[in-house]
Amino acid sequence: MMIFKTTNKVRMHDTDMAGILYFPRIFRFVHDALEDLMKSEGFPFEKMLRGSDFVFVIVHSEADYYSSLVVGDEIQVHARVEHSGVTSFTIVYEIYKLDHTHMGRVRTVHVTVDNVSRKKIPVPDILKSILEKYL
């Protein structure tokens, strides 16, 4: 199993009035990581959205927070596929500060749908081959 790793940085717009990460912003970091993963595999979102007959959508997400983040913190996001099914897949993201402090974990469940009808479809081979690398 491979783990995809990418970095990001906490920006001012990611924080609340207390100066710590505003809780839903963790999903920005994992979505950025997903975009980076797909781009690294030669299938960037713009190619999927404009040139394929499918898309995948998030149908469930959850997050656990172990440590706070503040403006300027640099992070590393590790992504791995936890499950790959017929029409859906699950990705788990582990978020670390650069000093290796485990900041949090996010889990997202995705379903593949037809790009026109928006009806659920089996995970296409091109996507399945990418997911299997990280399973």
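The values are calculated or read from the model by the stated rules, or taken from the named source; none is laboratory data. Because the structure is a prediction, the values reported are computed rather than measured. Virtual Cβ from ideal backbone geometry, glycine too; neighbours counted across all protein chains shown. Each accessible area value is taken on the protein alone, full model and side chains, heavy atoms only, with ligands, DNA and RNA left out. Shrake-Rupley method; radii C 1.70, N 1.55, O 1.52, S 1.80 Å.
A full extension of the chain between THR101 and VAL86 corresponds to an added length of 1.9 nm, given 0.36 nm per residue minus the alpha carbon distance. Wrap a convex hull around the Cα atoms of region 16-74, take a quarter of its surface area, and give that in square nanometres. About 5.6 nm², averaged over all directions. Heavy-atom accessible area, probed at 1.4 angstrom with all protein chains present, ranks ASP73, ASP14 as ASP73, ASP14, highest first. Of the whole protein surface, PHE45 contributes about 30 Å² of accessible area at a 1.4 Å probe radius. Roll a 1.4 angstrom probe over the protein heavy atoms and tell me the percent of accessible area of region 1-110 that is carbon or sulfur. Carbon and sulfur together cover 53 percent of it.
Think of each Lys and Arg Cβ as +1 and each Asp and Glu Cβ as -1; about the Cα centre, that makes the dipole of the chain roughly 260 debye. Each residue of region 100-112 was assigned a 3J(HN,Hα) from its phi angle through the Karplus expression (A = 6.51, B = -1.76, C = 1.60, θ = phi - 60°), giving 6, 5, 6, 7, x, 9, 10, 10, 10, 10, 10, 10, 8 Hz with x at Gly and Pro. Note on region 44-126: percent of Cα-Cα distances in each 10 Å bin, starting at 0 and stopping at the bin with the largest distance, equals 17, 37, 27, 17, 2. Mind checking region 98-135 for trypsin sites (Lys or Arg not before Pro) that DSSP puts in a loop (not H, G, I, E or B) and that have at most 15 other Cβ atoms within 10 Å? Taking region 98-135 and a limit of 15 other Cβ atoms within 10 Å, the loop trypsin sites (Lys or Arg not before Pro) found are ARG118, LYS119. Residues in the chain average 55 Å² of solvent-accessible surface per residue, probe 1.4 Å, ligands and nucleic acids excluded. Provide the FRET efficiency to the nearest 0.05 for the TYR65-SER129 pair, computing r from the beta carbons and using R0 = 30 Å. Here the calculated transfer efficiency is 0.35.
The residue list VAL81, ILE58, ASN115 was ranked by how far each Cα lies along the charge dipole of region 57-135 toward its positive end, using unit charges on Cβ atoms, and ASN115 comes out on top.
Principal-axis analysis of the Cα atoms of the chain puts helix 26-40 at an angle of about 50° to the longest axis. Applying the Karplus relation 6.51 cos²θ - 1.76 cosθ + 1.60 with θ = phi - 60° to region 127-135 yields 3J(HN,Hα) values of 6, 4, 5, 5, 4, 4, 4, 10, 7 Hz, where x marks Gly and Pro.
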